[in-house]
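**Q** Below are the structure tokens for one structure; questions will follow.
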Amino acid sequence: MAIENLKSDLYRDQQAGGNVPDALLVKGRTKTATGTITNGAADSNTSKYLLVELPSHVLIDPNTEFKVSGWGFADLRIGTKDDVTAFVNLLTAAAATQPMVTKFDANHGKALWEVAGLAEDPGGVIGIYAHAVAAAAGAGTMPFVITYIDN
């Protein structure tokens, strides 16, 4: 068997002149936005609730989570202003909490703009919204923690 002495993708291959690793992956700092959004019992279809705006380049951490069990809608849709289901699309009865990304899934180590399904980084900030796709079933609240990596 061969004995190898290899490095992860967090290191540049000096001899081959490889790509410089993303600074956020190597030395980014974890930051957290913690909040609660409230909806009224009379809120209707197409209502939008801005949770937070983040720089498009940040990496979304798997500790990002929404407590959906008290949300006043039967459906949970978390997305951008224009893409209702960019991040989360489920029935609130299906889970008490819902992550935005899952550790080691296809969005592992990806920037917010990539997780949102955009073709390229738009720059600036991307708003993360909860959307109503039907009338509210009642008043409710949704606490959330959005953890991300930035420099």
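All of the numbers you see were taken from the coordinates with simple rules; none came from a lab. These numbers come from a predicted model, not from an experiment. Counting neighbours? That spans all protein chains shown, and the Cβs are built from the backbone with ideal geometry, glycine included.
**Q** Can you tell me, using C-alpha contacts under 8 Å and at least 6 residues apart, the relative contact order of the chain as a whole percent?
**A** Result for the chain is 40 percent.
**Q** If r is the Cβ-Cβ distance from ASP121 to TYR49 and R0 is 25 Å, what FRET efficiency results, to the nearest 0.05?
**A** So, using R0 = 25 Å, E works out to roughly 0.50.
**Q** Match the structure shown to one of the listed values (i) 112; (ii) 214; (iii) 133 of volume of the Cα convex hull per residue in Å³, computed from it, and give that label.
**A** (iii)
**Q** Please sort by residue number the trypsin sites (Lys or Arg not before Pro) in segment 44-151 whose DSSP state is loop and whose Cβ has at most 12 other Cβ atoms within 10 Å.
**A** Sites meeting the loop and neighbour criteria: LYS103.
**Q** Quick one: dipole size for the chain, taken about the Cα centre, charges +1 on Lys/Arg Cβ and -1 on Asp/Glu Cβ, in debye to the nearest 20.
**A** In total the dipole reaches around 360 debye.
**Q** In terms of modelled amide H atoms, which long-range or inter-chain residues lie less than 5 Å from the amide H of ASP43?
**A** It is ALA136, by chain and number.
**Q** For the chain, what does -39500 (n - 2.57) per DSSP helix run (n ≥ 4), summed and divided by total residues, give at 222 nm, in deg cm²/dmol to the nearest 500?
**A** Helix-only estimate at 222 nm: -1000 deg cm²/dmol.
**Q** Testing the spin-label approximation: label points 7 Å from Cα along Cα→Cβ at LYS110 and ALA94. State their distance in nm.
**A** For the pair LYS110/ALA94, the computed spacing is 1.7 nm.
**Q** Now a separate question. Work out the charge dipole of the chain with +1 on the Cβ of Lys and Arg and -1 on the Cβ of Asp and Glu about the Cα centre, then indicate which of VAL133, THR92, ALA41 is farthest towards its positive end.
**A** ALA41
**Q** Would you list, by chain and number, the lysines whose Cα falls below 21 Å from the Cα of LYS31, excluding same-chain residues fewer than 8 positions away?
**A** Excluding near neighbours in sequence, the set is LYS67, LYS103, LYS110.
**Q** A further question on this structure: In whole angstrom, note down how far apart the Cα centers of segment 43-117 and segment 129-151 are.
**A** Rounded to whole Å, the Cα centres lie 7 Å apart.
**Q** Considering only DSSP states other than H, G, I, E and B, which GluC sites (Glu not before Pro) in segment 58-151 qualify as loop sites with at most 10 other Cβ atoms within 10 Å?
**A** Listed in order of number, the matching sites are GLU120.
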